[in-house]
There are 2 protein chains.
Amino acid sequence: MGLVVQKFGGSSVRDAERLRNVANLVTDTYKQGNDVVVVVSAQGDTTDDLIAKAAEINPDASKREMDMLLATGEQISCSLLAMAIEKLGFPVVSLTGWQAGFLTTSAYSNARIRRINTERLQTELDKRNIVIVAGFQGLNRYDNITTLGRGGSDTSAVALAASLSADTCQIYTDVDGVYTADPRKVKNAKKLDEISFDEMLELATLGAQVLHNRSVEMAKKYGVQIEVLSSLERVPGTIVKEDVEVEKMLIKGVAKDENVVRVSVVGVKDEPGIAHKIFSLLAKHKVNVDIILQTPPVDGLQAISFTVSEDQKEETLAVLQRHSHRFPGAEIRCEDGIAKVSIVGAGMQSNPGVAATMFEALAEANINIKMISTSEIKISVIIDEDDADRAVSAIHGAFFDE
Amino acid sequence: MGLVVQKFGGSSVRDAERLRNVANLVTDTYKQGNDVVVVVSAQGDTTDDLIAKAAEINPDASKREMDMLLATGEQISCSLLAMAIEKLGFPVVSLTGWQAGFLTTSAYSNARIRRINTERLQTELDKRNIVIVAGFQGLNRYDNITTLGRGGSDTSAVALAASLSADTCQIYTDVDGVYTADPRKVKNAKKLDEISFDEMLELATLGAQVLHNRSVEMAKKYGVQIEVLSSLERVPGTIVKEDVEVEKMLIKGVAKDENVVRVSVVGVKDEPGIAHKIFSLLAKHKVNVDIILQTPPVDGLQAISFTVSEDQKEETLAVLQRHSHRFPGAEIRCEDGIAKVSIVGAGMQSNPGVAATMFEALAEANINIKMISTSEIKISVIIDEDDADRAVSAIHGAFFDE
């Protein structure tokens, strides 16, 4: 008995059959005596279809009008889910983002939730209605419709759970939980019963695409317990929360990110402030730099290498070229075809054997390490992209195979 | 220079090409120095597609959820039209029904506009924005989305024109005006330059499907001048207004309605109150009775015949059967396969030659008249459905051919 927020992604509601399945899941939760608030994404390819329609008319349409258009996707799926629940004979009401009280910043296509005015939601819950809310959308101070950008529906669900003090926030996806590695690629990948917010954040950043970072950050900030579950199989999922019981398994997962390139500024003078010069320049242009490596100087010249995501490669190179006069004599190089492989787990730093096991596994698989980066809860290596899948399997085997 | 409200139906915005055409029309009006507010329907078959989607999930879905679903159709077309206008480089903003301030009654799927809160609209017009409004929808007192039912977008446009004191309300359709008869069926059908609200109301009721009655009634009530125009051909249309200049042409049009059946209650006692008994019963069950014919009594028994629309046939017969004990000895009969053909024109009553010309045309075409009904501005006859097209041509020829 309690208040449960459930979120269903686009593939979970993609057609009439899937909608009926979700209606059963939702009403089963309601029948157990819970108040239920459901957040839905747009059906299947709806958003892509709407984007294509807009592109045919105006490829440079304003973000304000794009949000007006795209918000219809979730409005359609939430009314259809309400109809499926009506058919099962339960009291239900669907609400758009603004009806549910989502107030956002003004940034069209990438708005942030400022607050949720829960009055209407509370009224509907007091009537014992199941409430279906269109995710991914809200209203800004100009009474215009906004969308939340990538991972928006997850964020809608967590924000609702926080505002309503829900007992749990269930995120239903195609997979039935968080795994120690991508289960489609690594046999023996194991499902985790629990994982901490920080570990989940590292895994999400590293390319394990189960939950979007923004939603995990928000859950951590407001102490919302998240459950990652499958909408198709009724099996226990993975719980993401603040304090995770100490388990035997120190490492929580192995992740791979191929969306990465290495940029090097070679032959710069070895003088104070050179790193600051490069990275403040990139920060000003909103380039996110990940791993940084500075080689020791030879003849008073040194090289600074760093990784950025593939999408930011052009922008990074353009910025550096435009300001090349600030690095006289330096050459700018770029390397594609690399990947980042990481292991994540709390308390790793106080256990030196972890890094050794990881490097040993890579050496035995004859895989060359180009860069290394460590934090309190992760160790990442940059290797050749061609070696990435073998690297994940080798590392996973070293930690998880019995 | 002034304020122009323009309304475009579903076929006028059905694809990217048509949207571009409408964008040109709208911006041309704006370039002439006018403030422009545009009302759009959903694109082509969008509404039907959404209805089919809902039917697959729940054929008995609540009207509240159906309105939530269907309102997305106009939201999509109004944002797409705004994008097409942005591409032409004009300032534009799209608004949903609730953003545009449409407040309606609570009756889902058939709401009536209570009032329009024009504050937001005025603000946008003051910024010299072209304003695109989603037709057919509004918000009720519970902050739920409603739709206006048949002809809703026409009504949205006329209500906006009334609220904003627009100089004219242009309704763009597939045809380029109001004709003296259906131009697809009657050669020599002539386009009218002007027609009065009352004449237009009679023509609309009689099946000339250019403007919906609700919108004409509202235009008459608030004195909004309507222009019916083609969105594809740039030619003058027909102006619908209160006072029409006296023209040589007395008759404004010939219309046909095949959606009609005749019901007869035969063998009822000839006593006071029998007609009241029948028609108050039908009124209570919301059956709209059109033409009524009472035959003279024979041997103290009489017959009462009347016409109803085809859609109400089953309901009418069921009501009469259920209450047959109130008409002892009477037999209830029903006749399909009939049609109503009418001529409409103000001042007809004071010109006895009109009826004679109509009946003469029918007699010459060897068409039998079953019932006759007259009002100040129309004469209707009930005939065999098979004769209907011939009847329209014959009558049209008698009045309009040189």
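The values are calculated or read from the model by the stated rules, or taken from the named source; none is laboratory data. Note that the coordinates shown come from a computational prediction; the quantities given were computed from them, not determined experimentally. As a convention, Cβ positions derive from the backbone with ideal geometry for all residues, glycine included, and neighbour counts pool all protein chains shown. Accessible surface areas use protein heavy atoms only, side chains included; no ligands, DNA or RNA. Shrake-Rupley method; radii C 1.70, N 1.55, O 1.52, S 1.80 Å.
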Stretched fully, the stretch from B:I51 through B:E242 gains (0.36 nm per residue minus C-alpha distance, one decimal, in nm) 65.0 nm
Chain pair B, A: total accessible area buried, heavy atoms, 1.4 Å probe, Å²:
3400
Roughly how big is chain A's charge dipole about its Cα centre, with Cβ charges of +1 (Lys, Arg) and -1 (Asp, Glu), in debye to the nearest 20?
1040
The range A:187-240: GluC sites (Glu not before Pro) falling in loop per DSSP and having at most 12 other Cβ within 10 Å
A:E233
Unit charges at the beta carbon, dipole of chain B: most positive-side option, B:V40, B:L69, B:I383
B:L69
Is the C-alpha gyration tensor of the range B:3-173 telling us rounded, prolate or oblate? Criteria: a/c under 1.5 is rounded; beyond that, a/b larger than b/c is prolate, otherwise oblate.
oblate
Please give the net charge around B:I377, taking every other residue with its beta carbon less than 9 angstrom from that of B:I377, where Lys and Arg add +1 and Asp and Glu add -1.
-2
Quick one: which of A:K53/B:K53; A:K185/B:K53; A:K127/B:K63; A:K31/A:K185 span more than 27 angstrom between C-alpha atoms?
A:K185/B:K53; A:K31/A:K185
Can you give the accessible area of B:R14, probe radius 1.4 Å, in Å² rounded to 10?
130
On C-alpha positions alone, give me the angle between the axis of helix A:388-400 and the longest principal axis of chain A, in degrees, nearest 10.
80
Here, B:T357 and B:N288, labelled 7 Å along Cα→Cβ, have an inter-label distance in nm of 2.9
Stokes-Einstein at 25 °C, 0.890 mPa s, Kirkwood radius from Cα pairs: D for the range B:281-395 in µm² s⁻¹?
153
Cα-projected label distance for B:R114 with A:A107, points at 7 Å along beta-carbon direction, nm:
3.9
Give me the Kirkwood hydrodynamic radius of the protein assembly as shown, using the inverse of the mean 1/r over all pairs of distinct Cα atoms, in Å to one decimal.
31.4
Have a look at the DSSP beta bridges in the protein assembly as shown and tell me what percent are antiparallel, nearest 5.
60
Out of A:V210, A:V265, A:V178, any idea which swings most in a Gaussian network model of chain A, alpha carbons joined below 10 Å?
A:V265
Accessible surface, the protein assembly as shown, averaged per residue in Å² (probe 1.4 Å)
44
Carbon/sulfur fraction of accessible area - chain A, other protein chains in place, 1.4 Å, %:
47
Need one word for the range B:48-108: rounded, prolate or oblate. Basis is the Cα gyration tensor (sqrt eigenvalues a ≥ b ≥ c); a/c below 1.5 gives rounded, then a/b vs b/c decides.
oblate
Please give the FRET efficiency for B:E364 paired with B:E258, using the beta carbon to beta carbon distance and R0 = 30 Å, rounded to the nearest 0.05.
0.85
Would you mind checking which residues have amide H under 5 Å from B:F136's amide H? H placed 1.01 Å from N; only 5 or more apart, or other chain.
B:S153, B:S156
Output the antiparallel fraction of DSSP beta bridges having both residues in the range A:3-173, as a percent to the nearest 5.
25
Computed over chain A, Cα set: Rg, Dmax in Å
23.5, 80
Between the modelled labels at B:K269 and B:L301 (7 Å from Cα along Cα→Cβ) the distance in nm is 1.4
